[in-house]
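Every number in this text was worked out from the coordinates using simple rules, so none of it is lab data. The structure displayed is predicted, hence computed values, not measured ones. Positions of Cβ are backbone-derived with ideal geometry, glycine not excepted, and every protein chain shown enters the neighbour counts.
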Amino acid sequence: MITAADIFNASVLIVDDQESNVQLLRQILQEAGYTRVSSTMDPHSVAGLHRENRYDLILLDLKMPGMDGFQVMENLKAIETEGYIPVLVITAEPGHKLRALQGGAKDFISKPFDVIEVKTRIHNMLEVRLLNRRLDNYNKVLEQTVQERTAELRASEARFRALTELASDWYWESDEHQRVTKVSGPILDMLGIQMGASMDETRVLQGSGWNESERAELEANIKARRPFIDFPFSRVNPDGSHQYFRASGEPIFDRSARFIGYRGIGVEVSRHLFAETAAAGA
C-alpha cells in the first residue's frame, strides 16, 4: 500500500534551462506538499545526478540548448539497466509527445502549465513508480529467500545422505512399480542386481536365489503401502553361500496423497550372523 506520505516524500528532479519554469514547478510541488524537490538547469549533469541519487521522478524539458531531452533520456538508459526510465517530459510541441514516449518517457506535461494537470500527472506517476519499486524489492527478497531455502534444503539433504551412508550400507528409492530410481552405496553389487538397459528397468530383489517367502512378505508390505523396519531377507548365491540383509523403508506420497514409491536404507548382516553362530557354537 502506497500512502500519501510515501508519495510526498518521493525524490523529484526538475530539469529545465529556463529558471522561471524551474521556479514555477518548484512552487507547485512544494505547495502540494512534496518535500524532496531538486533542480538543475544543466542537462549534462542529469545522468550523474541520477546515478548518485536515483530519483523517483525526473521532470525533463525536451527543448534545451547543448543537449536536448531526448539525449538526456539516452544517457539515463545506461543507468536504468532494468529498462524503466522515471521521466515525465515537459514540452510545448505536441509532435514531440509520441517521440518522447517511444524514447522511454512515461508521461508528459504540456506547456504552458496547467496546475491541476501538473499535480495529477506527477502524483499518478509517482504512485505507479513507487508501487513498481516495492514490487521489485519484494521479488528480490522473495528470490533471495528461495535461494537461501534451496541452499538449506541441499545442505540438509547432503547431511541426511552422509548420515544415512554412515548408518547403513545403502540408500534406495523406487517408484510405484518397484523400479529403482535412485541408489547410494553398493546396493546393486550387494544384492546381486543386474542393471537393465536403464535404471527404470532395474527392480528391487529381482533375479533368483531369494527366499521366496521373504520376498512375498516384502512385496505384500509394499503393495499395502506399509512402512517396514529392519525387515530381514536373504539369498543363496550360485556358489552356495548365503547372504543376509535387513532393510527399512517408507512409502512416499505426493502433495495430492498419490503413492509414488518407496525410499529406505539397508545393511548386509551376514558377517554379524556368522560371528554370532560361531560364538554360540564355541
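For residue 149 and residue 5, a Förster radius of 22 Å and the Cβ-Cβ distance give a FRET efficiency of 0.05, rounded to the nearest 0.05. Here the simple spin-label model places points 7 Å from the Cα toward Cβ, and for residue 177 and residue 44 these points are separated by 7.4 nm.
Report note on the peptides 35-47, 14-26, 141-153: ranked by the mean count of other C-beta atoms within 10 Å, highest first, their order is 14-26, 35-47, 141-153. Between residue 138 and residue 217, the FRET efficiency from the beta-carbon distance, with R0 = 45 Å, is close to 0.25.
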